[in-house]
Amino acid sequence: MTDVDALEVPEDFLFGASTSPHQVEGDNVHSDMWALENMLASPLPEKSGRACDSYHRWGEDMDLLAGAGLTAYRFGIEWARIEPAPGVVDEQAVEHYRSMVEGALRRGLSPVVTLHHFTSPAWFAAAGGWTAPDAVAHFSRYVETVAPLLREARAVVTINEPNMVAIMPRLLSGETSSREPGVLPDPDPALADALEAAHRAAVGLLHEQLPGVPVGWSVANQCVEAITDGMERARQYQEAIEDRFLRVSVGDDFVGVQSYTRTVFGPGGRLVPPGRTTGNGWEFYPQALGWAVRHSFEITHAPVLVTENGIATSDDDARVEYLEGALAGLAGAMRDGIPVLGYLHWSLLDNYEWGSWAPRFGLIAVDRATSDDHDPTFARTPKASLAWLGRWARKGALPLPRIQGN
Ligand code: BGC
């Protein structure tokens, strides 16, 4: 922190970290993802199991976050726990999430709450999922059930990465584009429309019941770039996979930006530029965050909330290096006048990465006993990156690279 200048952020800037229920809570037995992980011929190599046991240890997670100086926690409510069977509300689960919101506030953490983060109740998926005729009604009933918990939420994310949700069935059925290796299939248009309708219904309900609580959804930003002759394909891809979803945020209270790396097209299709990659094979490209924030604002004109940004790595120095680059990009966008409500790092914990425990995105390590020599203790070990981020939060500033002309 010595060789950089800083940009002061507004006093109510949300400086924190994110998790999602399925990836940290453990034993999410009523969810569609649990069913997928546990089926005989599951396409997923590893299961979530007890995950990080955060369903029981959330207080400790929040203590570490607040203790490091951070001021916000993005966590999710798991629909499958609230409504394990159609129309059946588990009141204990409702109380659980009420305690989490209150627990965050008690610790000085602003709660940013996600209502849907990839997982749905198994019954909802079995009935046809988002494109079934009753889907919006089902989702709305769930949103109405949890709305009273959210009166003091600092922001509510209705649906996490609808663009990825709309791609998922095609991805899972192996429909990767063989003509274009490394390129995600286009989102299913009917699914995209259904998610948009569910979002709109949720926004309407929440605005009515929780005036003053900002509501939006969060989009997976691809930072699509092109070199020689890749321009047209890059433009189509950007439109199909991202902009169609960003436009839904026009008029919303904020747009959630989720950025990790970039996608580059060249004359022969997607290419991975030579150079450094992260623990899960993505290009090490912290500049993507600044790009994503600028692009999202340009399309939506909505205030930006960075709901996810991070790197899979076992080398925590690399995480700090990545963070420094990403935050500098964010600071640059803010300095240029883009309204940014906060920065929520992905992730607070080393968590379940949808089929694998290998990628380590966390600011905090969790003992899951992968070495086989003891039972998991789920002990939390904060990494230096947590303290690093906390120092910036305490300072109320973002790093800017010391470049002449800054
Ligand atoms: C998701 C997270 C995921 C992260 C890293 C985002 O797509 O919202 O659930 O763990 O990226 O892959």
Fill in the blank from the handout: Of the residues in the stretch 68-96 that are out of contact with any Lys or Arg (no Cβ under 7 Å at 6 or more places or on another chain) and free of Cβ contacts under 8 Å to residues at least 12 places away in the same chain, the one that is most open to solvent (accessible area, probe 1.4 Å) is Gln92
Exercise for the section: Answer yes if at least one residue in the stretch 111-123 is in a loop (DSSP other than H, G, I, E, B), in contact (Cβ under 8 Å) with a residue 24 or more places away in the chain and over 23 Å from Gly26 (Cα atoms), and no otherwise. Expected result: no
Handout entry: Lone unmet requirement of (1) within 20 Å of Gly256 (Cα to Cα); (2) over 17 Å from the mean Cα position of the chain (by Cα); (3) buried (at least 22 other Cβ atoms within 10 Å of the Cβ) for Ser385
Key = (1)
Completion exercise
Selection over the stretch 251-270 where residues are farther than 30 Å from Val215 by Cα and in contact (Cβ under 8 Å) with a residue 12 or more places away in the chain yields a count of 6
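Between Lys395, Lys383, which is modelled with pLDDT of 95 or more, among the charged types (D, E, K, R), farther than 15 Å from Asp61 by Cα and in contact with a strand residue (DSSP E or B) (Cβ under 9 Å, 6 or more places away or on another chain)?
None of the other options fit; the residue is Lys395.
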Handout entry: All positions within the stretch 256-285 that are polar (S, T, N, Q), open to solvent by 40 Å² or more (accessible area, probe 1.4 Å) and within 23 Å of Tyr343 (Cβ to Cβ)
Key = Asn280
Practice task
Given the conditions (1) open to solvent by 10 Å² or more (accessible area, probe 1.4 Å); (2) more than 14 Å from the ligand (Cβ to nearest atom); (3) more than 13 Å from Ser259 (Cβ to Cβ), report the number of the one that Gly329 does not fulfil.
Solution key: (3)
Handout entry: Answer residue from the stretch 348-365, given it is under 14 Å from Trp388 (Cα atoms) and either assigned to a loop (DSSP other than H, G, I, E, B) or among the aromatic types (Phe, Trp, Tyr) (or both) and is farthest from the ligand (Cβ to nearest atom) among those
Key = Leu363
Handout entry: Residues (within 17 Å of the chain's Cα centre (by Cα) and closer than 19 Å to Trp34 by Cβ) located in the stretch 125-163
Key = Asn160
Practice task
Take the stretch 241-255 and flag every residue that is open to solvent by 20 Å² or more (accessible area, probe 1.4 Å) and either at pLDDT below 95 or under 22 Å from Ser20 (Cα atoms) (or both).
Solution key: Asp253
Handout entry: Glu321 being modelled with pLDDT of 95 or more, out of contact with any His (no Cβ under 6 Å at 6 or more places or on another chain) and within 16 Å of the ligand (Cβ to nearest atom)
Key = no
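Among the listed residues Leu115, Leu172, Leu105, identify the single one that is surrounded by fewer than 22 Cβ atoms within 10 Å (Cβ to Cβ) and within 16 Å of the ligand (Cβ to nearest atom).
Leu172
The values are calculated or read from the model by the stated rules, or taken from the named source; none is laboratory data. The structure presented is a predicted model; accordingly, all values stated were derived computationally and were not measured. Note: ideal-geometry Cβ built from the backbone for every residue, glycine included; neighbour counts use all protein chains shown. Side chains included, ligands, DNA and RNA excluded: accessible areas come from the protein's heavy atoms. Shrake-Rupley method; radii C 1.70, N 1.55, O 1.52, S 1.80 Å.
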